């Protein structure tokens, strides 16, 4: 068992992905982290007796995604908390490094680590670097206004969504950001980043911590709309959602007011947050659209039936996968890349993620 994570709660929202939930039981059952799985599916999952552990709690609530996260704080009694998607992993060594850093420095409220994408291609577990464009907050300017300037458009720091956060701050961040339903699933993490930036500074560690799965396309549903009118720029520029947009902007102003800012400052910063955010996302999409491989990848993910997407990732030759954006390195090659970058990692933990991912891929093939 991997010890040292007993001060951490991991919140895992899920819906209709039972095989991935059972994989979480198998993975986290070998640690002493507190894990809470919040299932919004119509019917609960049957957890095999051999997978049940005292440190893992499964809660079937059936309510909306945003409601589950807005109220998740009721399950947190540890010093630190972190969000995890149901098909992804954190590496215990990265989590432990974040906890040690938070214990050593009371001036920061959270830590993120480095991230790797992973997927299985024709029986091979592959990895690639993710989010190397993330930027830290400046260390020479530490006031709230300095943080806001560093994080609001046209600037940008790292995401807060998958950071290990002091629990009091984590609960406040998720309550403020997820309490109101929006018809775009991309609104919440923007509010989350803003709340984090007002509350305090998070720090980037040169440790592999988050393993982001490319096994499934992003969920888009009535509860979490991410396609069509749920795409952020479409939603934010549509008259159809004028009332929601006004609510969204007022929540952002409230977050800024909670930091003690005056009305004129709030208005100016909220303009940067909302208008600047829409412009930045629009420019990013326009830039990505110029790349043929990005266009093909986006088209396959957004428009192909789920089984076709899964078939493509499993069976297309790797040279075709590379052309469409699905490319990666086997563990040893990825470790060499990480070493050159000065990024710390635990080889055994990467092997464990590989083992569980390959097992699940075989199981899904046989379904």
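The values are calculated or read from the model by the stated rules, or taken from the named source; none is laboratory data. If you're wondering where the values come from, they're calculated on a predicted model, not measured in any experiment. Glycine gets a Cβ as well: all are built from the backbone with ideal geometry, and neighbour counts include every protein chain shown.
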Going through the range 324-339 one residue at a time, which ones are modelled with pLDDT under 95 and more than 15 Å from residue 357 (Cβ to Cβ)? 324, 325, 327
Scan the helices (runs of 4 or more DSSP H) fully inside the range 215-311 and keep the ones with 1 or more residues being on the phi < 0 side of the Ramachandran plot, more than 21 Å from the chain's Cα centre (by Cα) and modelled with pLDDT of 80 or more. 232-236, 242-257, 263-289
Quick one: which of 168, 247 is over 30 Å from residue 42 (Cβ atoms) and out of contact with any helix residue (DSSP H, G or I) (no Cβ under 7 Å at 6 or more places or on another chain)? 168
Across the range 70-90, what is the total count of residues that are in contact with a strand residue (DSSP E or B) (Cβ under 6 Å, 6 or more places away or on another chain) and outside any strand (DSSP E or B)? 8
The range 1-31 - residue that is in a loop (DSSP other than H, G, I, E, B) and within 22 Å of the chain's Cα centre (by Cα) and, of those, surrounded by the most Cβ atoms within 10 Å (Cβ to Cβ): 5
Given the criteria over 23 Å from residue 217 (Cβ atoms), at pLDDT 95 or above and touching a strand residue (DSSP E or B) at 6+ places or on another chain (Cβ under 6 Å), does residue 33 qualify? yes
Single residue of 20, 65 found to be in contact (Cβ under 8 Å) with a residue 40 or more places away in the chain, under 21 Å from residue 177 (Cβ atoms) and out of contact with any helix residue (DSSP H, G or I) (no Cβ under 7 Å at 6 or more places or on another chain): 65
All but one of (1) closer than 25 Å to residue 175 by Cβ; (2) assigned to a helix (DSSP H, G or I) hold for residue 94, so report the exception by its number. (1)
